[in-house]
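Scroll down for the structure; my scribbles are underneath it.
The values are calculated or read from the model by the stated rules, or taken from the named source; none is laboratory data. Predicted, not measured: the structure shown is a model, and the values here were computed from it. Note: ideal-geometry Cβ built from the backbone for every residue, glycine included; neighbour counts use all protein chains shown. SASA here: full protein model, heavy atoms, side chains in, ligands and nucleic acids out. Shrake-Rupley method; radii C 1.70, N 1.55, O 1.52, S 1.80 Å.
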Amino acid sequence: MPRALRLLRSAAVLAGVLPLMAGCDEAPGPPALVAEPPAVSDLQLTPSTFEYTGTEDSVRVPIQLSVAVDEGDGGVTVQYVVRRQFESGALAEGALAPADGRYAGEASFVVARGAVGLYVVTVVASGAGGVGNEATALLRYTAEDLGPPTVASASVDPNPVTVPGAFTVSAQVADPDGLANVARVVLASGGAEFALCDDGGAGTCGFGGTDLPSPSGDVAAGDGRFSRRFSVPAGSGTGDVGFTVQAFDRAGQASEAVPLIVTLQ
């Protein structure tokens with residue numbers, strides 16, 4: 001076959017194929033291999049600030065939630081959880097229900113009067129496509145400040161201390177806004193600071209530097225008695241060592257500094 005005829009035939013075949021290829025672009029593709037998870041957005045939290053002016057030790061904070069949900073492949077459940085910022089325990093949790101094209105609900109959680117600060121509300125949706133993204137909002141809880149904390153007493157046991165040995169410093173602390181308002185209790189000497197703890201020895205107390213969290217020697221958590229156990233190694237000097245104990249609340253207010261003398265012998 002002459003070369004010119006072969007070229008014409010090839011062009012005709014190509015012309016017939018091209019419309020089919022164009023038609024393929026418009027045809028529906030194969031079903032998705034991965035199910036589409038739901039997605040949440042536009043989380044609305046009311047109120048965003050809750051100010052308490054009463055004097056009760058516990059406060060119930062009411063909230064209203066509304067969130068937009070793209071339901072993905074369906075079968076959607078929308079849930080929320082409320083936590084204090086930087087803490088893991090849930091103060092409230094539950095499900096939101098469909099309402100006017102969104103998901104909404106009402107809830108409440110209880111805090112100690114003095115536990116002022118930020119609370120995180122997280123909403124997540126799950127469905128046939130799995131678990132979707134999260135949406136978060138912050139609520140700021142405030143309360144009228146009733147005054148600074150106080151250190152009622154501070155003691156050392158035993159005192160004097162035989163070297164080598166150990167001793168425990170304890171301080172009885174109170175706050176008119178409740179113990180939850182006590183941010184820290186500090187034992188200080190010669191520019192060094194150590195946290196006294198009301199954690200029952202759980203090792204959750206401390207604020208960095210030379211005072212990394214460790215078992216504190218505190219006996220009972222949440223009783224207002226803040227303690228810390230110290231070891232005195234062999235070869236330590238003897239004599240009197242002066243300390244002060246001071247408590248600080250979440251508003252930055254400080255108690256009077258209470259002096260302590262530890263005698264090493």
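See the values below:
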| item | result |
| --- | --- |
| Probe 1.4 Å, protein heavy atoms only - accessible area per residue of region 160-201 in square angstrom | 34 |
| Charge-dipole axis of region 115-194 as Lys and Arg at +1 and Asp and Glu at -1 on Cβ define it, positive-most pick from Leu138, Ala183, Thr150 | Leu138 |
| Separation of alpha-carbon centers, region 91-113 and region 234-250, rounded to whole Å | 48 |
| Potential lengthening between Ala99 and Ser48 on full extension [0.36 nm per residue; Cα-Cα distance subtracted] | 16.3 nm |
| Calculated FRET efficiency for the pair Ala152/Ala112, C-beta based, R₀ 30 Å, to 0.05 | 0.95 |
| Value in Å of the Kirkwood radius, where region 42-142 supplies the Cα pairs that are averaged | 14.2 |
| Backbone HN-Hα couplings from phi across region 218-230 [Karplus 6.51/-1.76/1.60, Hz, Gly and Pro as x] | 5, 8, 10, 6, x, 9, x, 9, 9, 9, 7, 9, 10 |
| Where region 109-151 is the region considered: accessible area per residue in Å², 1.4 Å probe | 38 |
| Percent accessible area from carbon and sulfur atoms, region 120-211, protein chains only, probe 1.4 Å | 53 |
| Label-point separation in nm, Ala68 to Ala188, each point 7 Å along Cα→Cβ | 5.2 |
| Simple label model, 7 Å out from Cα along Cβ direction - Val131 to Ala174, nm | 4.5 |
| Karplus-derived HN-Hα couplings along region 180-196 (A = 6.51, B = -1.76, C = 1.60, θ = phi - 60°), whole Hz, x at Gly and Pro | 5, 8, 7, 7, 6, 10, 10, 9, 10, 7, x, x, 8, 10, 9, 7, 8 |
| Separation in nanometres of the label points that stand 7 Å from Cα toward Cβ, at Asp57 and Glu36 | 5.3 |
